[in-house]
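The values are calculated or read from the model by the stated rules, or taken from the named source; none is laboratory data. No experiment lies behind these values; they were computed from the predicted model shown. Ideal geometry is used to build each Cβ from the backbone, glycine not excepted, and the neighbour counts take in all protein chains shown. Side chains included, ligands, DNA and RNA excluded: accessible areas come from the protein's heavy atoms. Shrake-Rupley method; radii C 1.70, N 1.55, O 1.52, S 1.80 Å.
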Amino acid sequence: MPPRGRHTTLARKDESYTALSDRPLHVLVFLLPLIALYEIGLVFFLSSPDGTFRETILAHNTLSRFFQTFGPGSLYLPGIALIVVLVLWHLIRRDRWSVRPSVLFGMAAESVLWMFPLLVFGLIMSMEAALATTGGSGDSWQAKATLSIGAGLYEELLFRLLMLTALHAILHDVLGMKDQPAAALAVVGSAVAFCVYHGVSPLDAAQLPRTIFYTVAGLYFGVVFLLRGFGIVVATHAFYDLMVLVVVPVLKGRSAG
């Protein structure tokens, strides 16, 4: 994780909501329901009758291919790997094994609040389905909800926790760049990769609105990650996709009816 000042010896003694919501144990407990829901949805709503998976999140597939040497169960290993990373991070920090339910509820509420600015920006850009990169209009709401949760978990794992952190480490620790410029460049780099990942070419003028949206979304998620940590940015991303793929279409259908 990029150093943000709170991850020092003194910060470990900080028992405030802001500090605890960024601690690995609270992040793990907060994300466990989302991980479980995605794995359940993967089996029941994103699989074909023959047992094969007809659709998953591209980022999840990318991580699964990394583990494919472990056999058919590799599709479930990204979720296991995420849990293991958070547990190891907790052990390295030597934090206490205690969780405050009030912090978990606060993280959920805060994530909803972080979601709204991006939702408003998407509506202004007329991009209500901007993050609907997978899932056709014929998919059930359960399948769309599963994809929304998966996008939050595994796109943030790939682009923020892994890529942004790695870029920051290279720029700051290897190349000797100051912390804040390194963090800014890491956010920009991961945002550009996030844009390209969604099938948008930044050099294609015809795709300029989509390029703007995905780049701004990537920048926004990067800032949320740096300011509030991995758990909050995952839930913010997942809540946004749930609004876009599930809630907005339902509201439109009711208004049309």
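Here are the numbers:
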{"quantity": "Near pairs, Cβ below 6 angstrom, 6+ apart or cross-chain, from the stretch 229-253 (open to solvent by less than 10 Å² (accessible area, probe 1.4 Å)) to any residue that is of a type in the set (S, T, N, Q)", "calculated": "ILE232/SER111; ALA235/SER111; THR236/SER111; ALA238/SER148; ASP241/SER148"}
{"quantity": "Every residue from the stretch 198-222 that is under 22 Å from TYR240 (Cα atoms) and part of a loop (DSSP other than H, G, I, E, B)", "calculated": "HIS198, GLY199, VAL200"}
{"quantity": "Candidate set from the stretch 196-211 (those that are in contact (Cβ under 8 Å) with a residue 24 or more places away in the chain and surrounded by 12 or more Cβ atoms within 10 Å (Cβ to Cβ)); member that is nearest to LEU158 (Cα to Cα)", "calculated": "TYR197"}
{"quantity": "Single condition ALA182 does not satisfy, out of (1) touching a Cys at 6+ places or on another chain (Cβ under 7 Å); (2) open to solvent by less than 50 Å² (accessible area, probe 1.4 Å)", "calculated": "(1)"}
{"quantity": "Checking ASP173 against (1) crowded, with 16+ Cβ neighbours inside 10 Å; (2) assigned to a helix (DSSP H, G or I), the condition it does not meet", "calculated": "(1)"}
{"quantity": "Subset of the stretch 159-170 [under 16 Å from ILE83 (Cβ atoms) and touching a helix residue (DSSP H, G or I) at 6+ places or on another chain (Cβ under 6 Å)]", "calculated": "LEU161"}
{"quantity": "Qualifying residue in the stretch 90-104 (condition: in contact with a Leu (Cβ under 8 Å, 6 or more places away or on another chain), closer than 26 Å to PHE213 by Cβ, modelled with pLDDT under 95 and assigned to a loop (DSSP other than H, G, I, E, B))", "calculated": "no"}
{"quantity": "Filter pass, ALA193 being open to solvent by 10 Å² or more (accessible area, probe 1.4 Å), closer than 21 Å to ARG160 by Cβ, of a type in the set (Gly, Ala, Ser) and in contact with a helix residue (DSSP H, G or I) (Cβ under 8 Å, 6 or more places away or on another chain)", "calculated": "yes"}
{"quantity": "Which numbered condition SER48 fails, given (1) open to solvent by 20 Å² or more (accessible area, probe 1.4 Å); (2) under 22 Å from GLU156 (Cα atoms); (3) hydroxyl-bearing (Ser, Thr, Tyr); (4) modelled with pLDDT of 65 or more", "calculated": "(2)"}
